[in-house]
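Everything below concerns the one structure shown next.
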Ligand SMILES: NC(=O)c1ccc[n+]([C@@H]2O[C@H](COP(=O)([O-])OP(=O)(O)OC[C@H]3O[C@@H](n4cnc5c(N)ncnc54)[C@H](O)[C@@H]3O)[C@@H](O)[C@H]2O)c1
């Protein structure tokens, strides 16, 4: 395949680009580096710095491309509350521009969109499945609902295939750890390893579906190849519901370090529960998540350079749950 990945220098995009290149595909990346780093990409990946809202740039980068993965987006839920216009510009405007360019160029066979589980919002019934009502509660989620709708509408009108993957909480080596609003897994890992306090929002009973990066990449690649996925929405998670308290305990067990948890009850922990129903992913993508949380956390600790220094200071990496030291 000849592939364009927007946002391909980001966390998920760089893992995807490197894996596709390793499998022998021609991979082109477009990323403005607002959140990405081209050093993550293997030499064989063709990197281009630029904005996904730049239509003429897209016309030229799409020449000869048959599959597009659209991952470029602003990704922070709290930042989207502060800057909804910017989130709309990039996440919705960028998607529409890309789709227009695909329509104009004509060689694109399929566009795969990285949508998000945040579109479900608050549902007491779990796990969530694709035909359930979307209840976006933050501008980031609204932008993903709009992106899905544009994807399917423009794809249908312009005769190329489209599929949207609703990705749950992805984690793994290479996930950025920004000082403001970091993702929960690398943040807790860093706090435990730094032997400081682990700050948990709410009472820690809120649950999420943590999915390891290799499983997300598998699902994305299957979505580009599988038959019968046109106009489909597909959940991509682990299918396992884990509370934040259980996550902290798992990280504590793996590192062998006691976690000093501080509960910030002034702030909510967000949605009470969120976990994926994977029936459709299994049926359409033959998707089977392979990495359990404990294994994924261990890989994160062993492979992510952010944790290299702390890792060397650990008494030992425990093979399974073991004693904790203070
Ligand atoms: N990581 C997750 O848990 C998760 C969950 C659900 C959905 N997603 C979606 O998956 C995609 C990738 O997420 P990620 O976690 O790798 O985040 P990321 O921030 O690492 O990757 C996004 C990339 O998009 C690039 N980008 C942003 N604005 C751009 C623009 N205007 N033009 C070109 N490039 C631009 C950034 O530089 C960055 O490299 C996003 O669309 C995100 O919404 C991620």
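The values are calculated or read from the model by the stated rules, or taken from the named source; none is laboratory data. Keep in mind that this is a model prediction, so the values were computed, not measured. Every residue, glycine as well, gets a Cβ built from its backbone with ideal geometry; the counts of neighbours run over all protein chains shown.
Collect the residues in segment 1-15 that are more than 9 Å from the ligand (Cβ to nearest atom) and crowded, with 19+ Cβ neighbours inside 10 Å, keeping them in residue-number order.
Listed by number, the residues that qualify are 3, 4, 5.
Any residue at all in segment 191-201 that is away from the ligand (no atom under 13 Å from the Cβ), surrounded by fewer than 17 Cβ atoms within 10 Å (Cβ to Cβ) and within 24 Å of residue 240 (Cα to Cα)?
Scanning segment 191-201 turns up at least one residue that is away from the ligand (no atom under 13 Å from the Cβ), surrounded by fewer than 17 Cβ atoms within 10 Å (Cβ to Cβ) and within 24 Å of residue 240 (Cα to Cα).
Which one of these is touching a helix residue (DSSP H, G or I) at 6+ places or on another chain (Cβ under 9 Å), closer than 15 Å to residue 75 by Cα and either buried (at least 24 other Cβ atoms within 10 Å of the Cβ) or free of Cβ contacts under 8 Å to residues at least 40 places away in the same chain (or both): 162, 118?
Within the list 162, 118, the selection yields 118.
Could you go through segment 253-260 and let me know if any residue there is surrounded by fewer than 18 Cβ atoms within 10 Å (Cβ to Cβ), over 21 Å from residue 302 (Cα atoms) and more than 16 Å from the ligand (Cβ to nearest atom).
There is at least one residue in segment 253-260 that is surrounded by fewer than 18 Cβ atoms within 10 Å (Cβ to Cβ), over 21 Å from residue 302 (Cα atoms) and more than 16 Å from the ligand (Cβ to nearest atom).
Would you check which residues across segment 60-108 are outside any helix (DSSP H, G or I), near the ligand (Cβ under 10 Å from one of its atoms) and in contact with a strand residue (DSSP E or B) (Cβ under 8 Å, 6 or more places away or on another chain) and list them?
Correct list: 69, 70, 71, 72, 73.
Looking at segment 27-48, which of the residues that are more than 10 Å from the ligand (Cβ to nearest atom) and part of a strand (DSSP E or B) is nearest to residue 95 (Cα to Cα)?
28
Here is a check on your reading of the model: is residue 51 part of a loop (DSSP other than H, G, I, E, B), within 10 Å of the ligand (Cβ to nearest atom) and over 18 Å from the mean Cα position of the chain (by Cα)?
Yes: the conditions hold for residue 51.
If residue 123 meets every condition in (1) away from the ligand (no atom under 15 Å from the Cβ); (2) in contact with a strand residue (DSSP E or B) (Cβ under 7 Å, 6 or more places away or on another chain) apart from one, which number is that one?
Result: residue 123 passes all but (2).
Sort out which residues of segment 10-31 are closer than 19 Å to residue 111 by Cβ and free of Cβ contacts under 8 Å to residues at least 60 places away in the same chain, and write them in order of number.
13, 17, 25, 26, 27, 28, 29, 30, 31
If you check 295, 291, which single one turns out to be at pLDDT 95 or above, on the phi < 0 side of the Ramachandran plot and assigned to a helix (DSSP H, G or I)?
After applying the criteria, what remains is 295.
Would you list the strands (runs of 3 or more DSSP E) that sit entirely within segment 152-253 and hold 1 or more residues that are under 30 Å from residue 103 (Cα atoms) and touching a strand residue (DSSP E or B) at 6+ places or on another chain (Cβ under 7 Å)?
Ranges flagged: 161-167, 232-236.
How many residues does segment 131-151 hold that are touching a strand residue (DSSP E or B) at 6+ places or on another chain (Cβ under 8 Å) and more than 15 Å from the ligand (Cβ to nearest atom)?
0
Sort through 111, 188, 184 and tell me the only one that's closer than 23 Å to residue 52 by Cα and either within 11 Å of the ligand (Cβ to nearest atom) or buried (at least 18 other Cβ atoms within 10 Å of the Cβ) (or both).
Only one candidate qualifies: 111.
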